[in-house]
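What follows is one structure encoded as structure tokens, with my remarks underneath.
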Amino acid sequence: MEINSHRSNAWIPWAFVLLWSTGFIGAKLGLPFIGPFTFLAIRMGLTLLCFGALIACFRPAWPGLAAAKHQWACGAMLHGLYLGASFAGIKLAVPAGITALIVGLQPILTAILSWLMGEQRLSRMQWLGLAIGFGGALLVVLGGKGLQLGANPGLWLTALALCAITAGTLYQKRFGQGVHPLTGAFHQYLAAFLITGALALGLERGDAIHWNAQLALALGWSVLALSVLAILLLMRMLKDGDVSKVASYFYLTPGLAAVQAWWLFDEQLSLLAVAGMLLAALGVALVLQRLRRAW
């Protein structure tokens, strides 16, 4: 029964990857017209309204104070710090592909930390898959734009985003379980709203917001597709599978982001970038094959 359940949910990770990869495109669409922290504060506020409506409809149980504190910590890392640092880096002219690549290092960092903490044992084939996946993600960016960044301080912010999403994923897996996804997400976004709202007021209070259809589209998609649907899928993945398996899917993000940039913004895809996408897919397949057998 458990095996059939995992098979019936096999579509969830792929739907998550497709949605998650659009986050970099959404940032590119919206940030020319608004500050990164203001964008995120509005996004988090609207997301809270969405989850509040879902909670009113389904009436799930609320977590106790101790469990809520863990959700606040997860939200601060996964939504506040990760997204805040990523968006600020893109605002400072770090290309979306470079951002996707750096964040795409998460599977390597997650696997190493899980191994150091004694929580995960990876076979040689899985390590090979992680290495191939990283090489594929690197080729995607080498085959595109954005390597001539010099000493852009946004790179440090993007590295901070990598650390935040890795720590948040590990923390969620260890301490954030046992809470209903709707109420858990509400607490997480509450923490993120407070963080991004404080940063927006402190750093961007005097910045003008240029409202237009493109910014509205970027905000709407970021709220409904990313903050609501994609995060619910991620929480389900973390509940159903081990953290290294979940993290390995992030290797597909740079390739998908490159395809979307080509489609929406006419950014050309080289043969090197296409080869990188294929390598990334192979790396994910190698990691997942052994883990499925373990199930």
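Derivation of every value follows stated rules applied to the coordinates shown; laboratory data play no part. All values reported here derive from a predicted model rather than from experimental measurement. Please note: Cβ atoms are built from the backbone with ideal geometry, for glycine as well, and neighbour counts cover all protein chains shown.
Couple of notes before you dig in:
- The modelled label-to-label distance between Ser270 and Leu217, using points 7 Å beyond Cα along the C-beta direction, is 2.9 nm.
- Scalar couplings 3J(HN,Hα) for the stretch 56-64, obtained by applying the Karplus form with A = 6.51, B = -1.76, C = 1.60 to θ = phi - 60°, are 5, 6, 9, 6, x, 6, 8, x, x Hz; x denotes Gly and Pro.
- Cβ-defined net charge surrounding Thr22, 14 Å radius [Lys, Arg +1; Asp, Glu -1]: +2
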